[in-house]
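S.K.: Attaching a single structure in structure tokens format; questions to follow.
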Amino acid sequence: MRHDLFSTPVWQIEGTPQVLVDKLYEGAYQFKDRHTGVNLTNQGGYQSPSFCWEDFHPQAKEYLEHLLNDMFTEECNIGNWWYNINGKGAWNTPHTHAGCDLALVWYLTDNDGLLNLVSPHTQRNNALEKMNQVKLYALKGDIILFPSDIMHYVKPNQRDTDRICISMNLRLS
């Protein structure tokens, strides 16, 4: 008998209304024009400063709160959010999101499979683990959630166009 005891939940939500994705996409460049970027995990790209949930786009806030309330029985609180704009060659170093329960990534462009989650069991023999990293594919408008303590990184953007997403930190209570 086999027991899979320590699986890692990852959620992928599709179907964000296109008009909402378009508004958030436009907002990314407006934020970039108004706010100096910060250097945290981004290498060569733009990462906006972190903003409070109260300052998020009103319709997007309502949409996301509705989704999260339907998904979780616990109350889901979004602490902060920020834009990531990765031009050609830009990438994000391996990192986790300390101080929260879930990391959320809302893609405003296709991600081309550049988001990689690293197994928390990296010290296991590779023959047992089969793979120690998983590449996640998401399309424009998709939302991906995963435990915030999972190491993840973004490979370099190979396109001539920007790869844009919004990242958030969530706490369940």
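The values are calculated or read from the model by the stated rules, or taken from the named source; none is laboratory data. Quick caveat: nothing in here was measured; it's all calculated off a predicted structure. Cβ coordinates were reconstructed from backbone atoms using ideal geometry, including for glycine residues, and neighbour counts include every protein chain displayed. Heavy atoms of the whole protein, side chains included, go into the accessibility calculation; ligands, DNA and RNA do not. Shrake-Rupley method; radii C 1.70, N 1.55, O 1.52, S 1.80 Å.
S.K.: Given (1) in a loop (DSSP other than H, G, I, E, B); (2) in contact (Cβ under 8 Å) with a residue 24 or more places away in the chain, where does T73 come up short, assuming only one miss?
M.R.: Unmet for T73, out of (1) in a loop (DSSP other than H, G, I, E, B); (2) in contact (Cβ under 8 Å) with a residue 24 or more places away in the chain: (2).
S.K.: Of all residues in the stretch 26-40, count the ones that are surrounded by fewer than 17 Cβ atoms within 10 Å (Cβ to Cβ) and closer than 10 Å to L108 by Cβ.
M.R.: 1
S.K.: Right, something else. Does A60 satisfy being out of contact with any Pro (no Cβ under 8 Å at 6 or more places or on another chain), touching a residue at least 60 places away in the same chain (Cβ under 8 Å), open to solvent by less than 30 Å² (accessible area, probe 1.4 Å) and small (G, A, S)?
M.R.: Taking the combined requirement at face value, the residue does not satisfy it.
S.K.: Which of the residues spanning the stretch 12-24 are open to solvent by 80 Å² or more (accessible area, probe 1.4 Å) and touching a residue at least 24 places away in the same chain (Cβ under 8 Å)?
M.R.: Q12, E14, Q18, K23
S.K.: Then there is this: For the stretch 135-173, name all the residues that are within 24 Å of G15 (Cβ to Cβ) and over 15 Å from the mean Cα position of the chain (by Cα).
M.R.: Across the stretch 135-173, the qualifying residues are R159, T161, D162, L172.
S.K.: Same structure, new question: Can you work out which of the residues in the stretch 125-173 that are outside any strand (DSSP E or B), under 20 Å from H66 (Cα atoms) and not charged (D, E, K, R) is modelled with the lowest pLDDT?
M.R.: This residue is S173.
S.K.: Also: Within the set of pairs 6+ apart or on separate chains, which have a first residue in the stretch 37-51 that is outside any loop (DSSP other than H, G, I, E, B), a second that is surrounded by 14 or more Cβ atoms within 10 Å (Cβ to Cβ) and of a type in the set (V, I, T), and C-beta atoms under 9 Å apart?
M.R.: Every condition considered, the pairs that remain are N42/I85; N42/V154; Y46/I85; Q47/T41; Q47/I85.
S.K.: Enumerate the pairs (first residue in the stretch 86-99 and outside any loop (DSSP other than H, G, I, E, B); second residue anywhere and among the polar types (S, T, N, Q) and open to solvent by less than 40 Å² (accessible area, probe 1.4 Å)) with beta-carbon separation below 6 Å, excluding pairs fewer than 6 apart on the same chain, so at least 6 apart or on different chains.
M.R.: N86/N157; N92/T41; N92/N42; T93/T41; H95/T41
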